[in-house]
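**Student:** What follows is a single structure, and I will ask about it in a moment.
The values are calculated or read from the model by the stated rules, or taken from the named source; none is laboratory data. Here the structure is a predicted model, which means the values were calculated and not measured. Cβ sites come from the backbone with ideal geometry, for glycine too, and all protein chains shown count toward neighbours.
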Amino acid sequence: MAKLVSKTYSSALFELALEEHMIDTILAEYAFVKQSINENPEFFEIIVSPRIPLEEKKTILDKTFGNQISEVLLNFFKLLIDKKRSQVMMEVYDDFKALVDDHKGNIVATVESVIELDAAEIKNLEEKLNTLTGKNVSVNNVINPDIMGGLVVKVGDKIIDGSVKRKLENMKHELAQIII
């Protein structure tokens, strides 16, 4: 349910940002707010607390971020408070960023490897994935010793599993099919 709420509000914010030609501004401001909340988790506890009146929460938002973010984003946060949806504020950022990335043709690929890939390998992978997907791909390298070797590439909902572990599993399955 929370994911649906987050997606609904992020879509509304994206449409507004697109209409106002403020996509990059809103994204940067929202990233600033998210970072501020991560550094001061007690602030988020105040915003989501049912014990604090809505008007007081909005006043706190005004005093904290009023001079640092646009009125559009500030009013969006106030709307979340009015609708008692402030608990999804952080998830909305993630969904909003995904919409912005999709709009700009950017996508992040997660690449699992046993050892960390060097810059040249990452650049080479990004170029190949750019060609394959038709989008601007940036690689997030994750170390996973369980794959034993090779790579597992996840781009959106697609997975390319070139790991040694997968190859061994396939070989085991094929050998099991041989009738002696």
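**Student:** Could you check how many residues of region 27-60 are buried (at least 16 other Cβ atoms within 10 Å of the Cβ) and outside any helix (DSSP H, G or I)?
**Tutor:** Residues flagged as buried (at least 16 other Cβ atoms within 10 Å of the Cβ) and outside any helix (DSSP H, G or I) within region 27-60 amount to 0.
**Student:** For region 86-120, give me each residue that is more than 22 Å from Ile23 (Cβ to Cβ) and either within 10 Å of the chain's Cα centre (by Cα) or part of a loop (DSSP other than H, G, I, E, B) (or both).
**Tutor:** Here is the first cut: in region 86-120, the residues more than 22 Å from Ile23 (Cβ to Cβ) are 86-87, 109-120.
Those that are more than 22 Å from Ile23 (Cβ to Cβ) and either within 10 Å of the chain's Cα centre (by Cα) or part of a loop (DSSP other than H, G, I, E, B) (or both): Val114, Ile115, Glu116, Leu117, Asp118.
**Student:** Out of Ser6, Ser11, I need the residue that is in the same structural domain as Lys84 (by TED's automatic domain parsing), in contact with an Asp or Glu (Cβ under 7 Å, 6 or more places away or on another chain) and under 17 Å from Asp95 (Cβ atoms). Which one?
**Tutor:** On the way: Ser11 fails: in contact with an Asp or Glu (Cβ under 7 Å, 6 or more places away or on another chain).
None of the others qualify; the one that does is Ser6.
**Student:** Which condition number does Gln68 fail, the rest of (1) closer than 28 Å to Glu15 by Cβ; (2) crowded, with 17+ Cβ neighbours inside 10 Å; (3) without any contact (Cβ under 8 Å) to a residue 60 or more places away in the chain being met?
**Tutor:** With (1) closer than 28 Å to Glu15 by Cβ; (2) crowded, with 17+ Cβ neighbours inside 10 Å; (3) without any contact (Cβ under 8 Å) to a residue 60 or more places away in the chain applied to Gln68, the lone miss is (2).
**Student:** Same structure again: Check region 15-26 and report whether any residue there is in contact with a Phe, Trp or Tyr (Cβ under 7 Å, 6 or more places away or on another chain) and part of a helix (DSSP H, G or I).
**Tutor:** Applying the first criterion (in contact with a Phe, Trp or Tyr (Cβ under 7 Å, 6 or more places away or on another chain)) to region 15-26 yields none.
No, that holds for no residue.
**Student:** Only one residue in Leu117, Leu129, Leu125, Leu151 is of a type in the set (A, V, I, L, M), in contact (Cβ under 8 Å) with a residue 24 or more places away in the chain, in contact with a Gly (Cβ under 8 Å, 6 or more places away or on another chain) and not assigned by TED's automatic domain parsing to the domain that holds Ala12. Which one?
**Tutor:** On the way: Leu117 fails: in contact with a Gly (Cβ under 8 Å, 6 or more places away or on another chain); Leu129 fails: in contact with a Gly (Cβ under 8 Å, 6 or more places away or on another chain); Leu125 fails: in contact with a Gly (Cβ under 8 Å, 6 or more places away or on another chain).
Within the list Leu117, Leu129, Leu125, Leu151, the selection yields Leu151.
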